[in-house]
């Protein structure tokens with residue numbers, strides 16, 4: 001595949017290491033300290049339609065005082081619209097201009113990460129500005145450093161499980177996902193009195209959010225998961241699916257709109273036969289997916305290509321021998 005068809009604006013491709021020219025090789029040096037990073041604790045502000053997720057770190061071996069970080073990650077641009085990085089520790093600031101998202105073409109997310117639409121990319125940096133206020137990252141204990149804020153577009157599904165992918169390959173020594181890209185780079189305050197250095201490189205490992213690596217060394221590098229979800233309109237992560245008095249539930253397909261693939265989740269009170277019935281805008285049935293499903297939550301994945309020449313707007317409902325759900329609308333878009 002031609003890499004230019006899945007990349008972003010060309011000025012994003014030459015990865016710039018913002019902290020003292022630290023290279024991927026330098027990060028892999030023996031004895032370099034280790035820091036892990038992750039996204040955690042998603043929240044949704046219904047009034048402002050804002051999705052907020054914390055960025056956390058933990059150290060291995062010895063606590064580290066954070067100096068700076070290249071903040072580089074990808075996300076599904078059909079689900080989220082990047083707003084800002086916020087709640088930085090006292091004494092830290094954003095380096096350069098305020099971060100903004102670069103969005104690839106319609107094929108970028110699917111080709112690189114098995115996402116269903118374009119991938120967004122953030123390339124920013126934070127740094128210690130007041131030497132007397134370094135932020136200490138503890139050993140083996142996750143601690144919040146800052147957060148990332150996103151707008152949730154009106155087209156987003158009612159259950160939001162966005163993938164957030166740090167720009168670090170499965171083998172962290174290989175750097176980021178772009179050719180020649182060092183990916184996420186973190187430096188710590190150098191506390192060695194004989195080194196005469198202000199900072200020291202830190203080897204970085206990451207925990208992707210709602211996404212997992214596969215064994216590939218080429219695109220796509222992994223696939224999305226639905227590990228941590230929010231119900232849009234609530235303010236806390238969903239723990240148990242909401243069901244009706246009979247024990248049934250049908251959810252909006254996710255993502256919606258979708259390009260190539262989407263998924264429908266539903267809940268049954270007991271193991272039994274069930275059907276997902278799809279119809280067009282005229283009410284004519286265009287497809288039926290049926291089978292015997294387990295008690296509890298089930299997921300059916302839908303491939304757009306199976307619909308062939310059917311319209312962009314379709315409707316679906318769940319039926320069993322004694323139950324019919326309300327109707328949901330699903331929307332297909334083309335790359």
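A short reminder: the numbers here are calculations on the coordinates, not readings from a lab. The shown structure was predicted, so the numbers you read here are calculated from the model rather than taken from an experiment. When we count neighbours, we look across all protein chains shown, and the Cβ atoms used for this are built from the backbone with ideal geometry, even at glycine.
Fewest neighbouring Cβ atoms within 10 Å first, the residues 302, 94 line up as 94, 302. When the convex hull of its Cα atoms is viewed from all sides, region 239-331 shows a mean projected area of 6.0 nm². Mind checking the log10 I(q)/I(0) for region 76-115 at q = 0.14, 0.27, 0.28, 0.32 Å⁻¹? Debye, one equal scatterer per Cα, no solvent, two decimals. Each listed q maps to, in turn, -0.48, -0.95, -0.98, -1.14. With r as the distance between the Cβ atoms of residue 131 and residue 294 and R0 = 56 Å, compute the FRET efficiency 1/(1 + (r/R0)^6) and round to 0.05. So the FRET efficiency works out to roughly 0.45.
Can you compute the FRET efficiency between residue 212 and residue 303 using 1/(1 + (r/R0)^6), with r the Cβ-Cβ distance and R0 = 22 Å? Round to the nearest 0.05.
Working: r = 20 Å, r/R0 = 0.93.
The formula returns an efficiency of 0.60 here.
Subtracting the Cα-Cα distance of residue 261 and residue 191 from 0.36 nm times their residue separation leaves 20.2 nm of extension gain.
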